[in-house]
Amino acid sequence: MSELIVVRDANIRKNLLATASALALVAYTAAIDTAKAEDQNRPSVWIELGGQLERIDAGTARFSPPFESSVEALPVTAPTAVQKPPAYGVGGEAKISIEPEGSSWIYSAAIRYGRSNRFTHVQQTPSAQLVTGTILGVHESLFPRSPGVFASTQLKSHESHAVLDFQVGKDVGLGAWSHSATSVFSLGMRFAQFDAHSAVSIKAVPISVITPKHIRPKYHHSYQASNEEARSFRGLGPTLSWNASAPVAGNPDAKLTLDWGANVGVLFGRQKVRGNHQTSGYYHCIGGFKALGTSGCHGGVRAATGFNYISGYQHSTPHNRSHSIVVPNLGGFAGVSMRYSNAKLSLGYRGDFFFGALDGGIDTARRATVGFYGPFATISFGFGN
């Protein structure tokens with residue numbers, strides 16, 4: 001009896017092993033057939049179009065004229081505070097990818113372009129106020145500050161950028177993930193160009209004092225300044241990127257996927273800056289007026305009442321610089337996609353940073369990082385089999 005039991009158990013184990021092996025073989029064959037069917041239906045050419053709302057960081061210096069402190073003493077917006085560069089720009093992109101049938105290699109070419117403009121004009125006139133000063137040797141006299149006091153700052157700025165990529169990549173898969181997941185490592189070349197132009201004009205009368213009616217003298221300061229800058233960078237270099245995608249829901253005809261990726265590279269290029277800033281100031285008093293406890297009009301005071309004294313200065317400073325530089329580049333993105341057999345809609349957030357790409361200085365060189373980051377949306381169409 002015991003021998004029959006042993007033989008029966010052995011037969012049961014053999015049957016179970018054979019059944020499990022058969023099921024595994026059927027599942028493997030079905031998976032291969034499904035993968036082959038999807039590969040056969042997979043388009044060989046993809047065209048992608050999209051756009052991005054980009055937050056722009058350039059880190060360039062703001063022009064501060066010598067009379068900035070006089071304007072800051074007034075209840076008005078300081079000229080440097082008005083000189084904010086464009087905060088956002090709108091960018092577009094296009095990409096073509098070729099995925100030969102029966103191959104895991106991917107060849108692609110892409111371009112991204114964006115620009116932004118800003119125009120702002122702030123002119124403020126504070127109300128008249130009483131100030132303490134000295135007139136003709138009499139201390140602590142009260143003089144109303146004239147309503148002629150004002151500060152005006154006007155800024156025009158323009159920025160544009162373009163990035164071109166040429167890459168060859170290979171899909172190496174995501175291991176334990178399903179066969180529909182992708183993990184593509186790409187090596188290629190990247191070309192980038194950045195252009196930024198700004199022009200600022202500042203006018204101010206920070207001090208304009210009139211005396212009581214029975215005294216004639218008057219004290220007046222007026223200033224003007226302007227600055228214009230043109231900055232650029234052109235660079236070319238190798239880049240390495242990783243793009244991955246994994247399905248989280250859906251069916252073979254429509255899948256919701258998680259997408260992520262990163263890129264790193266180095267660009268060899270040249271940065272340039274051309275600029276010029278001008279400043280002028282005029283000091284005007286009538287009849288030897290000493291105001292606000294100062295030593296008088298610029299350069300001295302005429303003793304006789306009824307005489308005018310006008311003095312001032314004018315400065316113009318051009319600067320032109322050009323340097324060959326190496327720019328590290330680092331970027332990444334994360335998003336979601338709705339994938340169909342021959343179409344894809346993607347939404348996500350992306351950032352790309354070029355460290356020290358622009359010369360952000362005015363009188364002296366200063367490397368400034370250029371960064372673009374923000375939400376993006378793309379739509380892709382597949383053609384051919």
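What follows draws every value from the coordinates through simple rules; no lab data is involved. Treat the numbers as computed from the prediction; the structure is a model and nothing was measured. Every residue, glycine among them, receives a Cβ derived from its backbone with ideal geometry; neighbour counts consider all protein chains shown.
Quick notes on this structure:
- Potential lengthening between Leu330 and Leu345 on full extension [0.36 nm per residue; Cα-Cα distance subtracted]: 2.9 nm
- Equivalent ellipsoid, the stretch 320-385 (semi-axes from 5 times Cα gyration tensor eigenvalues, Å): 38, 13, 9
- Within the stretch 151-169, backbone nitrogen closer than 18 Å to the virtual label 7 Å beyond the Cα of Tyr113 toward Cβ: 158-166
- Ordered by the count of other Cβ atoms within 10 Å of each Cβ, fewest first, Trp46, Trp242 give Trp242, Trp46.
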